[in-house]
1. I need the full set of residues from the range A:227-239 which are open to solvent by 60 Å² or more (accessible area, probe 1.4 Å) and more than 20 Å from the chain's Cα centre (by Cα), in order please.
2. Looking at the range A:102-137 only, could you name the residues that are hydrophobic (A, V, I, L, M, F, W, C) and open to solvent by less than 40 Å² (accessible area, probe 1.4 Å)?
3. May I ask you to list pairs of residues, at least six apart or on different chains, whose Cβ atoms are under 6 Å apart, with the first in the range B:427-438 being at positive phi and the second being exposed (fewer than 15 other Cβ atoms within 10 Å of the Cβ) and at pLDDT below 90?
4. Which of the residues that make up the range A:212-239 are within 13 Å of ligand 1 (Cβ to nearest atom) and outside any strand (DSSP E or B)?
5. Out of A:Glu28, A:Glu87, A:Glu33, report the one residue that is closer than 19 Å to A:Thr193 by Cβ and either hydrophobic (A, V, I, L, M, F, W, C) or within 16 Å of ligand 1 (Cβ to nearest atom) (or both).
6. If I ask for residues that are touching a residue at least 24 places away in the same chain (Cβ under 8 Å), over 14 Å from the mean Cα position of the chain (by Cα) and more than 16 Å from ligand 2 (Cβ to nearest atom), which ones from the range A:21-47 would you list?
7. Return yes when A:Leu100 is within 14 Å of chain B (Cβ to nearest Cβ) and either of a type in the set (Ser, Thr, Tyr) or over 30 Å from A:Ala311 (Cα atoms) (or both) and no when it is not.
8. Considering only residues of the range A:1-25 that are more than 20 Å from A:Thr194 (Cα to Cα) and among the aliphatic types (A, V, I, L, M), which is modelled with the lowest pLDDT?
Amino acid sequence: MSNRIAIQTNNLHKDFGEVYAVRGVNIEIQSGEIFSLLGPNGAGKTTVISMISGLLKPNQGDATILGHSITHEPLAAKAALGVVPQEIAIYEDLSARENLMFWGKMYGLRGAHLKQRVAEILETIGLADRQKGRVEKFSGGMKRRLNIGIALLHEPEVVIMDEPTVGIDPQSRRKILDSVMELNKQGMTVFYTTHYMEEAQELSDHIAIMDHGEIIASGTHAELVKIVGELDRIELNINTESDRVMETWKNTPGVEKITAENGQLHLLVNDSNLVLPQLFEKAAQVGSRITSVEIQEPNLETVFLHLTGRALRD
Amino acid sequence: MKSIDIALKDMLQSFRSLFAVMFMFVIPILMTGMFSLMFGGSGNDEEGFVLPTTKVILVNQDEGSFAGMPGEVSQNPEYDASSIGQLLTMALTSEGLTGIMDVSMMDSSADARFAVDNQEAGVAIIIPKNLTTSFLAPLGTVAVEVYQDPTLSIGPAIIKGIVSQLLDNFSASKITLAVTLEQIENSGQMIDEAQIQAVVAQYLATIQPEGQSQGSESANPYLDIRAPKTDQNSSDQTINPVAMIMAGMSIFYVYLTGASGTQTILKEEEDGTLPRLFSTPTPTATILRGKFLSVTLTIIVQITVLLVFGELVFKIHWGDLLSVALLSIAITLSSAAFGIFLVSFMKSTRQAGIMIGGVVTILGMAGMMPIFTLGMPNPPAFISIISHLAPQGWAAEGLQVTMSGGVLSDVWTNILALLVWAVALFGIGVYRVNKRYK
Ligand SMILES: Nc1ncnc2c1ncn2[C@@H]1O[C@H](COP(=O)(O)OP(=O)(O)OP(=O)(O)O)[C@@H](O)[C@H]1O
Ligand SMILES: [Mg+2]
């Protein structure tokens, strides 16, 4: 693995009129790594990717791909890049093969090389035996795989995948995650966005957490988890209204943060073994009873909760 | 190269789409087919407007003759009539009128009137004994009788119109002559009767070839009097209506293809494939060029298929090959440019679907108005003006001209106008589309 920088963004800004979608994003992705951008719906992930891949002009800032500025050398930057859009973008009325042949040409492939790459990709995405079939007859998972395959045709050094596993069955999802890791092993740099913290955790060398158009934390998984220190995350249900219980729990030693969401209480605590007995006791004092408890090791979800006071998944 | 790839991909998609193929080929052909059935079959391309044929009985009792006069008219080989009665007979039985009237000759005027009374014929035309004589006499009066079946209206009215137009032509010459004679006499000169008759005869001889000088493809010199009192180019009247319908349909649907073909830009934008194209190392200009190319090629295929189909199946003679080819290219470019122009104002395929239908229909109707009003004896002038406000109008007129025998020198204004339309629409459209995808 070289030490080159695959993708660098420099103070990217984008607004859509009133909506400030991206406000000052700086990312640096090293060649050869898998980098995940983790954030809830509407965080601004797709907008960042659109700017990096040259589909949207930033209001401010720039991005480079392998040193090529997307605003000043768009063709060189785009040639080094494979982009898997979040929304499936393929021609439904063409066959899988026709799609690959066409997109391959758009990436500048020709002749025998094109045919060979198309055959290889058809194998990789497991559609070799369905290559002549019209895409409109494909299942969601097959379309997603074709959507990914198109971005890999020209063997780009860097591939950007925008939530490639949204809305598909666990089996297809597993296949996609495995192939991402396989591609990375072969030397491809992957920039991956997701709102599933498990995916970010499993895949990534580095993770940036994004919320409301900003990167609120970044680093390796271990580094990020350290932000919340030794905090444990507890999810509880009680049998009464939560207001009075939260009030009494707030001042309990060891409780760092407490939020209520959909009737469930989320707490960040220093040491669950010490804190939990007190929570039971104080709840009883105000006439409430804890009906269920779940203790979680610190993870990205905990980090997001810690930083934003909200759960990653709404 | 990449723009060709994009064009080929687009064409593959549109020719694969049943919907597109329906609108490109099937509907215009079916519509023409329907009209052709309504108008009584194809192949009668010499036939002119197919009106109900009226049975006419012609009685020519004219005994006069201009034979032996100076400046003898029969020197003209096409013109071997020796009396006005014979001239009229020739005119009324001419091939060009066979669709309108079925003429049979009778000797007795009483028999002729009897046949009309018995509804064996719609009209009897009785040419009096003294027609030529009275015509040649400076002050004589002419009376051709048109005896008609009162229950019929359209047929006899047309016949009356034709006869009176013919006679008008003759009496016009007489009036001219009378005025001339008066002036000559006033100037104190004397002219003998034989001279006068020679002048009349020569004048009559000149009436005939006039019909030919008006660009009519037909060999029949009398065609120009088939639609009396028309102030338009009389050649319009000689085109097979099925051919006009086919031309109109083809032009209408070609412009529709221009618009709906370009609309794939919006569809691709909505489907995400256009942004995806922009994420490949392909310049925006190349992508737009590919789109324009695909629409252009598609229309060339469409127009060629329609013209060839019309020629082979409906037996339509589109006219001079070079003119038709250049006209088709101009039509193709203007309709593709029309598409880009139109789509540059649309935000979504939903909007475009409604707008394209509306605009193509309105402009198509405007452009085709001269076709719809072909049967009108005196179409108002605004019709021609309106039709020229739409490229469709220039296209339809162009085909009309080539079909009636026009050559490049007759249609170059139409070709030029279409190219101007193309450049203007293309310029505005591309400017706007470019701005949008910048
Ligand atoms: N074309 C646009 N016009 C107006 N607002 C937009 C546009 N694109 C995105 N936005 C807004 O910008 C914000 C960020 O959107 P973006 O799609 O980048 O989020 P995301 O992190 O990709 O979300 P998701 O996980 O749902 O894909 C949202 O509030 C969204 O509504
Ligand atoms: Mg997104």
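The values are calculated or read from the model by the stated rules, or taken from the named source; none is laboratory data. Bear in mind the structure is a predicted one, so any value in this text is a computation, not a measurement. As a convention, Cβ positions derive from the backbone with ideal geometry for all residues, glycine included, and neighbour counts pool all protein chains shown. Please note that ligands, DNA and RNA were not included when accessible areas were found on the heavy atoms of the full protein model with its side chains. Shrake-Rupley method; radii C 1.70, N 1.55, O 1.52, S 1.80 Å.
1. A:Glu230, A:Asn239
2. Within the range A:102-137, the first condition is being hydrophobic (A, V, I, L, M, F, W, C), and the residues that meet it are A:102-103, A:106, A:109, A:112, A:114, A:118-119, A:121-122, A:125, A:127-128, A:135.
The answer is A:Phe102, A:Trp103, A:Met106, A:Leu109, A:Leu114, A:Val118, A:Ile121, A:Leu122, A:Ile125, A:Leu127, A:Ala128, A:Val135.
3. Close Cβ pairs (under 6 Å, with a partner that is exposed (fewer than 15 other Cβ atoms within 10 Å of the Cβ) and at pLDDT below 90) do not exist here.
4. A:His212, A:Gly213
5. Exactly one residue qualifies, and that residue is A:Glu87.
6. A:Arg23, A:Gly24, A:Asn26, A:Ile29, A:Gln30, A:Ser31, A:Gly32, A:Glu33
7. yes
8. A:Met1
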